[in-house]
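Trainee: Here it is, the structure, as structure tokens.
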Amino acid sequence: MSAPSCRAESRLVNRFDTLDAWLSWQMQLHPKAIALGLERVGAVWTQLGPASLAFPLVTVGGTNGKGSCVAMVEAICRAAGYRTGVYSSPHLLRYNERVRIDGEDVSDALLCESFERIDRARGETALTYFEFGTLAALDLFVHSAPDVVILEVGLGGRLDAVNLWDADVSVVTSIGLDHMAWLGESLDEIAYEKAGIFRPGRPAVIGQRDAPARLRTEAQLRGSLPLQLGREIDWTIGDGGGWIWSAPSGERLALPEPAMRGPFQYDNASAAIAALRALHERLPISVNAIRAGLQRARLPGRFQVFPGTLTWILDVAHNGEAAQALAANLRAFACRGRLRAVLAVLGDKSPESIVGPLLPFVGDWYLAQSKDPRAMPLEVLSKRLEAVLPAPPAVLLSDLDAALDAAEAASEAGDALLVVGSFTTVGAALRRLDPGCGVRV
């Protein structure tokens, strides 16, 4: 569909009537799917929204763990009685998942209203799909006036659209090798990009003990106040169960295990608590609310287990570090039978780094290609993994749904099926397990 040629400011009627139509058009509006930079969103926001935000703002970036950290901050704030606004990406099933207000996905109608406001404000400025969605999220938050807003960085940090707004607290959960075509080939270069969300005179939470040194150095160069795991903040396992979070002030909190699985979730929880403690004057939160939030926080597609005669395990792990975290969870998972895995990845990923940590746990591999236009072609995926996967060779199926069918058909009672590699891959399995769910591009 080509965009109408009339100028936005002269149009008196809405461009589109449905969310699907808006999203399809947005995918074609800008010539590039990814175009980093703040100039376009900045120019549009000047016409659209206020110069300053009335609510406290938490921005969360990182290679892995940022979604979990966002979910924990949201759950803790809601347990404390605050109205929250959350922007995250990508989504698993429905575009509406990207914007939540007070724990609920926003409606089609609200998104369409916001897209229309953005379209009128942008004039001739071409926005990417992600930029349109980011502006819509903040526009909706301004209109709904929540008590606190949490934004998840999409890619990198310094030039990501989310970074247009000055966060009161910035969090970088971890640094790993991912999105190297845009962020750089080394951990040092990626750390520089991620550190771009830090602000002068404001807390910069680093949720990784062994983060590249440049991340902390950049925080200091920017005049931020570093709060790094293993230095200013820390956690230990408690003697009688649970765990202890500690801070420079001497504060020690005895807390229950996070509901989300994996030892790495203690790091994410520590970062989330540090961010909220840094906002305590504007957003006081009790220890009981922190405890309740940690036990309520959930995040679909992160070691999400569907028990049954055949146990399904869904995980969006799409880089080496995430695969290592998944392997740690599989090590602690009791599977009575055989574990099979369905893998489909995007074209810019390293399938070798995903498969390697999982080899000790997976008995059979099913390789596929999703319908995502960015998907790695099956023949490329197979070739990349020839030297990694043991004999016999993996089952190759160009259709992801067919791969899920084949893996399920080969399974017996007590077996488990792991679906891994991308949000698109996990989304296909979720639609199968919940046929009534809505689906949007």
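Every number here is computed from the coordinates shown, using simple stated rules; none is lab data. Note that the coordinates shown come from a computational prediction; the quantities given were computed from them, not determined experimentally. Counting neighbours? That spans all protein chains shown, and the Cβs are built from the backbone with ideal geometry, glycine included.
Trainee: Could you name the lysines in cross-link range of K66, using Cα to Cα under 23 Å and dropping any fewer than eight places away on the same chain?
Mentor: Leaving aside lysines fewer than 8 places away in the same chain, those within reach of K66 are K194, K349.
Trainee: More than 18 Å apart: what percent of Cα pairs in the stretch 215-264 qualify? Before the final figure, lay out the partial values.
Mentor: Values: 542 of 1225 pairs.
Result: 44 percent of Cα pairs exceed 18 Å.
Trainee: Would you calculate the separation in nanometres between label points at A413 and H143, each defined as 7 Å from the Cα along the Cα-to-beta-carbon direction?
Mentor: 5.4
Trainee: For the stretch 121-177, max minus min Cα coordinate along each principal axis, in Å, sorted largest first?
Mentor: 37, 30, 15
Trainee: By how many nm would the segment from S186 to R252 grow when fully extended, if each residue of separation counts as 0.36 nm and the alpha-carbon distance is taken off? Intermediate values should be presented prior to the final figure.
Mentor: Working: separation 66, 0.36 × 66 = 23.76 nm, distance 3.60 nm.
Between S186 and R252, full extension yields 20.2 nm more.
Trainee: Right, something else. Highest mean first, what order results for 198-205, 130-137 on Cβ atoms within 10 Å?
Mentor: Values: 198-205: 21.2, 130-137: 25.8.
Per-residue mean Cβ counts within 10 Å order the peptides as 130-137, 198-205.
Trainee: How large is ³J(HN,Hα) for each residue in the stretch 298-304, as worked out from phi by the Karplus curve 6.51 cos²θ - 1.76 cosθ + 1.60 (θ = phi - 60°), to whole Hz, x for Gly and Pro?
Mentor: Couplings: 9, 8, x, x, 10, 6, 8 Hz.
Trainee: Rule-of-thumb check for the stretch 290-441: C-alpha Rg over 2.2 N^0.38 Å? Let's see the in-between values first.
Mentor: Details: Rg = 14.9 Å, N = 152, 2.2 N^0.38 = 14.8 Å.
The reported ratio for this selection is 1.00.
Trainee: Now for a different question. May I ask you to list the aspartates and glutamates whose Cα is less than 18 Å away from that of K383, ignoring any residue fewer than eight positions away on the same chain?
Mentor: D348, E352, D364, D399
Trainee: May I pose another question? Explain nothing, just the number: relative contact order of the chain, from Cα pairs under 8 Å at least 6 residues apart, as a whole percent. Write down the numbers at each step before the final one.
Mentor: On the way: 889 pairs, mean separation 70.3, N = 441.
The normalised contact order for the chain reaches 16 percent.
Trainee: State the answer as a single residue: which of V355, L155, A43 lies farthest towards the positive end of the charge dipole of the chain, with beta carbon charges of +1 for Lys and Arg and -1 for Asp and Glu, about the Cα centre.
Mentor: Positive-most Cα among the choices belongs to A43.
Trainee: Please list the non-local residues whose amide H lies under 5 Å from the amide H of Q228, H modeled 1.01 Å from N, same-chain partners needing a gap of 5 or more.
Mentor: Placed amide hydrogens put I206, I233 under 5 Å from Q228.
Trainee: Okay, next question. So for the chain: antiparallel DSSP bridges make up what percent, rounded to the nearest 5?
Mentor: Working: 17 of 54 bridges.
Around 30 percent of the beta bridges assigned by DSSP in the chain are antiparallel ones.
Trainee: Evaluated at 4 °C with a viscosity of 1.567 mPa s, what Stokes-Einstein diffusion coefficient in µm²/s does the stretch 144-266 have when Rh comes from the Kirkwood expression over alpha-carbon pairs? Don't skip to the answer; put the middle values down first.
Mentor: Details: Rh = 15.7 Å.
This corresponds to a translational diffusion coefficient of 82 µm²/s.
Trainee: Taking θ as phi - 60°, what are the ³J(HN,Hα) couplings along the stretch 155-169 by the Karplus curve (6.51, -1.76, 1.60), each to the nearest whole Hz, with x for Gly and Pro?
Mentor: With coefficients 6.51, -1.76 and 1.60, one gets 8, x, x, 4, 10, 6, 4, 4, 6, 5, 9, 7, 6, 6, 9 Hz.
Trainee: Based on the Cβ-Cβ distance of L359 and S398, what FRET efficiency does E = 1/(1 + (r/R0)^6) give at R0 = 22 Å, to the nearest 0.05?
Mentor: Working: r = 24 Å, r/R0 = 1.07.
According to the calculation, E is roughly 0.40.
Trainee: For the stretch 189-322, rounded, prolate or oblate, judged on the Cα gyration tensor with a ≥ b ≥ c (square roots of eigenvalues), a/c < 1.5 rounded, else prolate if a/b > b/c?
Mentor: Details: a/c = 2.10, a/b = 1.31, b/c = 1.60.
It is oblate, given that a/c is not under 1.5 and a/b is not larger than b/c.
Trainee: Farthest toward the dipole's positive end in the chain, which of G196, I244, L385, given Cβ charges of +1 (Lys, Arg) and -1 (Asp, Glu) about the Cα centre?
Mentor: I244
Trainee: Let me ask you something else. Based on the Kirkwood radius over alpha-carbon pairs, what is the Stokes-Einstein translational diffusion coefficient of the chain at 20 °C with 1.002 mPa s viscosity, in µm²/s? Provide the component values of the computation, followed by the final result.
Mentor: Numbers: Rh = 22.6 Å.
After rounding, the answer is 95 µm²/s.
Trainee: Something else: Which three lengths, in whole Å and largest first, does the stretch 60-211 cover when its Cα atoms are put on their principal axes?
Mentor: Projected onto its principal axes, the Cα set of the stretch 60-211 covers 44, 42, 34 Å.
Trainee: Which of the listed residues, G262, N319, N14, is farthest toward the dipole's positive end in the chain, when Lys, Arg count +1 and Asp, Glu count -1 at the beta-carbon?
Mentor: Working it through, the farthest residue towards the positive pole turns out to be G262.
Trainee: Can you tell me which of 356-365, 114-123, 341-350 comes out highest on packing, and rank the rest after it, using the mean Cβ neighbours within 10 Å? Don't jump to the answer; show the numbers that get you there.
Mentor: Numbers: 356-365: 17.3, 114-123: 20.5, 341-350: 22.1.
Packing proxy ranking, top to bottom: 341-350, 114-123, 356-365.
Trainee: Also: Compute the separation of the alpha-carbon centres of the stretch 184-256 and the stretch 265-289 and state it in Å as a whole number.
Mentor: The distance from the Cα centre of the stretch 184-256 to that of the stretch 265-289 comes to 13 Å.
Trainee: How large is ³J(HN,Hα) for each residue in the stretch 355-360, as worked out from phi by the Karplus curve 6.51 cos²θ - 1.76 cosθ + 1.60 (θ = phi - 60°), to whole Hz, x for Gly and Pro?
Mentor: 3J(HN,Hα) across the stretch 355-360, in whole Hz: 6, x, x, 8, 4, x.
Trainee: Moving on. Go through 156-168, 46-58 and give me the packing order, highest mean Cβ count within 10 Å leading. Let's see the in-between values first.
Mentor: On the way: 156-168: 22.2, 46-58: 15.6.
By packing density, highest mean first, the sequence is 156-168, 46-58.
Trainee: Now, a different point. With only Lys, Arg, Asp and Glu charged, each at its Cβ (+1 for the first two, -1 for the last two), find how big the charge dipole of the chain is about the Cα centre; round to the nearest 20 debye.
Mentor: Values: 43 positive and 50 negative charges, 101 e Å.
About 480 debye.
Trainee: What is the magnitude of the charge dipole of the stretch 304-372 about its Cα centre, with +1 placed on the Cβ of each Lys and Arg, -1 on the Cβ of each Asp and Glu, and no other charges, expressed in debye to the nearest 20?
Mentor: Numbers: 6 positive and 6 negative charges, 66 e Å.
With only Lys, Arg, Asp and Glu charged at Cβ, the dipole is about 320 debye.
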